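Q: Sharing a structure, written as structure tokens. Questions coming.
The values are calculated or read from the model by the stated rules, or taken from the named source; none is laboratory data. Since the structure is predicted, the reported quantities are computational estimates derived from the model, not experimental observations. FYI the Cβ positions are ideal-geometry reconstructions off the backbone, even for glycines, and counts take in every protein chain you see.
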């Protein structure tokens, strides 16, 4: 155990002033460093601005505020990925975890984009502490907050005279601003600005995919990891985004001519209006990145669009029963599914009639014998919502032939809650960060968890270092191609499988692609 005190922590000079953090277990942590100015008041909806410089030494031992967002539902099994600290529009802050500072080496930099769809989440969740990852890999870990929901993704272009024309993707431009801050400052924290990997899970994985399309982000990162993203292939359209913003204005009693007043609305009231707008759009949440032809010129992995990230190696994958994560907060009496209800729920979710839904269920029962109705629901909807997108993204990336794509799937089952969750959404995160002890109510702890951490964390570290996830703790992992479909299976015994669960893949591939924006992005 490192015995240095906060007073022993190094002082690091940034472009805006000196900062002092803490040291724990041999890793320096700097929390709540501003990478942008406050976005409140007259700065609301506008592109991010640099932070104001300071004099003297700024103590950065505490996390900064979360972006304004709905109140989280916290249960023991998801507390590790939740945080209820105060929110503020002065939320453009980042956190750094590094083994050494002030010119000691040039380590790979891993910038994590948090999940929670585009309307919630924070980098200060306990399970996202980067200490163990930084120490295990001799890497610099960066996590960050950015604007969410209506604050970061209101499409106001065309509703006024142009001064808010760039509001739609403000939250993504925050992320670009953070990456610029990393480029300009990370060397003082022991990092290599020429070797930056962006990675994220769920909504964070979707943000990684969006960043791969953004001209402003070109050159600011060099590798990408997308974990369990449900929405990375299609973003909001300008039409749907504008409709959502009009409903928000209507709920506030405003018009396009009153947009200046929109900057004076309280954060809580704006959250209420955003929720009302989503309800008015039949649950379709278009407060998310929009293809505006400028900051985001096209959908990620669009085969017909220029590929700005053609030279960026990609690692991508999902968990087998992503949807079971939401059983943590469900009413237990709603979990059992009769055959009739299962058929109706699958028909609604996948977008087919009752007969096709029944045929799909019967097909899955042949490859998942003994599973309950709820289990069958979770695996079908997870394949439809997550696994198919990951497979198709890997196909499109590998077909370009400029940089490799590596596909994986988690099938390891957590023993908590009597095993009911199987392989849920977010399960990858504690193993990547090495934080299963923090997430013990979700993952359990023991030799199996420790072994899987070494396998998973080793792959993420190797990929960040070289663009290749292979390491001594895994079987040989070959890049993806649509012929053999090599997929790394993360389980008690990790293995490379060729076209795993082929029958399930083909069944889902025959289903309609998108039924409702309401299916994605989901909030982890």
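Q: Between a residue in region 419-431 that is at positive phi and any residue that is not in a helix (DSSP H, G or I), which pairs come within a Cβ distance under 6 Å, given they are 6 or more apart or on different chains?
A: Between residues of region 419-431 that are at positive phi and residues that are not in a helix (DSSP H, G or I), the close pairs are 422/321; 422/413; 426/524.
Q: Go through region 138-173 and report how many residues are surrounded by fewer than 24 Cβ atoms within 10 Å (Cβ to Cβ) and within 20 Å of residue 31 (Cα to Cα).
A: Looking only at that region, the number is 1.
Q: Would you point out the residue of region 308-340, among those that are within 30 Å of residue 220 (Cα to Cα) and in contact with a helix residue (DSSP H, G or I) (Cβ under 6 Å, 6 or more places away or on another chain), that is surrounded by the fewest Cβ atoms within 10 Å (Cβ to Cβ)?
A: Among those residues, the one meeting the criterion is 310.
Q: When you check residue 178 against the structure, is it closer than 24 Å to residue 304 by Cβ and either surrounded by fewer than 20 Cβ atoms within 10 Å (Cβ to Cβ) or in contact (Cβ under 8 Å) with a residue 40 or more places away in the chain (or both), yes or no?
A: It is false that residue 178 is closer than 24 Å to residue 304 by Cβ and either surrounded by fewer than 20 Cβ atoms within 10 Å (Cβ to Cβ) or in contact (Cβ under 8 Å) with a residue 40 or more places away in the chain (or both).
Q: Regarding residue 376, is this residue modelled with pLDDT of 95 or more and either at positive phi or over 25 Å from the mean Cα position of the chain (by Cα) (or both)?
A: On the way: modelled with pLDDT of 95 or more: yes; either at positive phi or over 25 Å from the mean Cα position of the chain (by Cα) (or both): yes.
So residue 376 fits the description; yes.
Q: Please indicate, with yes or no, whether at least one residue in region 319-341 is touching a strand residue (DSSP E or B) at 6+ places or on another chain (Cβ under 6 Å), in contact (Cβ under 8 Å) with a residue 40 or more places away in the chain and not in a helix (DSSP H, G or I). Write out each step before concluding.
A: Of the residues in region 319-341, the ones touching a strand residue (DSSP E or B) at 6+ places or on another chain (Cβ under 6 Å) are 319.
If we keep only those that are in contact (Cβ under 8 Å) with a residue 40 or more places away in the chain too, we end up with 319.
With not in a helix (DSSP H, G or I) added as a condition, the list becomes 319.
Yes - at least one qualifying residue is present in region 319-341.
Q: Only one of these conditions is not met by residue 111: (1) in a helix (DSSP H, G or I); (2) buried (at least 24 other Cβ atoms within 10 Å of the Cβ). Which number is it?
A: Residue 111 satisfies every listed condition except (1).
Q: Still on this structure: Residues that are crowded, with 24+ Cβ neighbours inside 10 Å, in contact with a strand residue (DSSP E or B) (Cβ under 7 Å, 6 or more places away or on another chain) and closer than 24 Å to residue 205 by Cβ: does region 67-82 have at least one?
A: Yes, region 67-82 has at least one match.
Q: Being surrounded by fewer than 16 Cβ atoms within 10 Å (Cβ to Cβ), over 21 Å from the mean Cα position of the chain (by Cα), within 21 Å of residue 396 (Cβ to Cβ) and not assigned by TED's automatic domain parsing to the domain that holds residue 163: is that true of residue 268 here?
A: On the way: surrounded by fewer than 16 Cβ atoms within 10 Å (Cβ to Cβ): yes; over 21 Å from the mean Cα position of the chain (by Cα): yes; within 21 Å of residue 396 (Cβ to Cβ): no; not assigned by TED's automatic domain parsing to the domain that holds residue 163: yes.
Against the criterion (surrounded by fewer than 16 Cβ atoms within 10 Å (Cβ to Cβ), over 21 Å from the mean Cα position of the chain (by Cα), within 21 Å of residue 396 (Cβ to Cβ) and not assigned by TED's automatic domain parsing to the domain that holds residue 163), residue 268 does not qualify.
Q: Still on this model: Taking the stated definitions as given, is residue 464 modelled with pLDDT of 95 or more, outside the structural domain of residue 132 (by TED's automatic domain parsing) and out of contact with any strand residue (DSSP E or B) (no Cβ under 9 Å at 6 or more places or on another chain)?
A: no
Q: In this structure, is residue 300 farther than 19 Å from residue 120 by Cβ, at pLDDT 90 or above, touching a helix residue (DSSP H, G or I) at 6+ places or on another chain (Cβ under 7 Å) and surrounded by 22 or more Cβ atoms within 10 Å (Cβ to Cβ)?
A: Numbers: farther than 19 Å from residue 120 by Cβ: yes; at pLDDT 90 or above: yes; touching a helix residue (DSSP H, G or I) at 6+ places or on another chain (Cβ under 7 Å): yes; surrounded by 22 or more Cβ atoms within 10 Å (Cβ to Cβ): yes.
Considered against the rule, which asks whether it is farther than 19 Å from residue 120 by Cβ, at pLDDT 90 or above, touching a helix residue (DSSP H, G or I) at 6+ places or on another chain (Cβ under 7 Å) and surrounded by 22 or more Cβ atoms within 10 Å (Cβ to Cβ), residue 300 comes out as yes.
Q: Further, regarding this structure: List the number of the failed condition for residue 221; all other conditions in (1) closer than 30 Å to residue 324 by Cα; (2) touching a strand residue (DSSP E or B) at 6+ places or on another chain (Cβ under 8 Å); (3) in a loop (DSSP other than H, G, I, E, B) hold.
A: Just one mismatch for residue 221, condition (1).
Q: Can I ask one more? For region 125-161, give me the residue count where each residue is assigned to a loop (DSSP other than H, G, I, E, B), over 21 Å from residue 287 (Cβ atoms) and over 14 Å from the mean Cα position of the chain (by Cα).
A: Selection size over region 125-161: 5.
Q: Separate question: Answer yes or no: is there a residue in region 183-192 that is farther than 16 Å from residue 110 by Cα, assigned by TED's automatic domain parsing to the domain that holds residue 48 and either touching a helix residue (DSSP H, G or I) at 6+ places or on another chain (Cβ under 8 Å) or not in a strand (DSSP E or B) (or both).
A: no
Q: If you don't mind, another one. Would you mention how many residues in region 393-421 are over 18 Å from residue 225 (Cα atoms) and buried (at least 21 other Cβ atoms within 10 Å of the Cβ)?
A: 3
Q: Given (1) more than 30 Å from residue 182 (Cβ to Cβ); (2) under 28 Å from the mean Cα position of the chain (by Cα), identify the lone condition not met by residue 223.
A: The single condition residue 223 does not satisfy is (1).
Q: Quick one: which strands (runs of 3 or more DSSP E) lie wholly within region 1-85 and hold at least 1 residues that are under 25 Å from residue 125 (Cα atoms), within 23 Å of the chain's Cα centre (by Cα) and touching a residue at least 24 places away in the same chain (Cβ under 8 Å)?
A: Those strands (runs of 3 or more DSSP E) span 27-34.
Q: Among what's in region 194-216 and is outside any helix (DSSP H, G or I) and touching a strand residue (DSSP E or B) at 6+ places or on another chain (Cβ under 7 Å), pick the residue that is surrounded by the fewest Cβ atoms within 10 Å (Cβ to Cβ).
A: Checking each candidate, the answer is 195.
For (1) farther than 28 Å from residue 193 by Cβ; (2) in contact with a helix residue (DSSP H, G or I) (Cβ under 8 Å, 6 or more places away or on another chain), each residue gets a yes or a no:
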position: 57; (1), (2): no, no
position: 75; (1), (2): yes, no
position: 101; (1), (2): no, yes
position: 108; (1), (2): no, yes
position: 112; (1), (2): no, yes
position: 118; (1), (2): no, yes
position: 130; (1), (2): no, yes
position: 149; (1), (2): yes, yes
position: 154; (1), (2): yes, yes
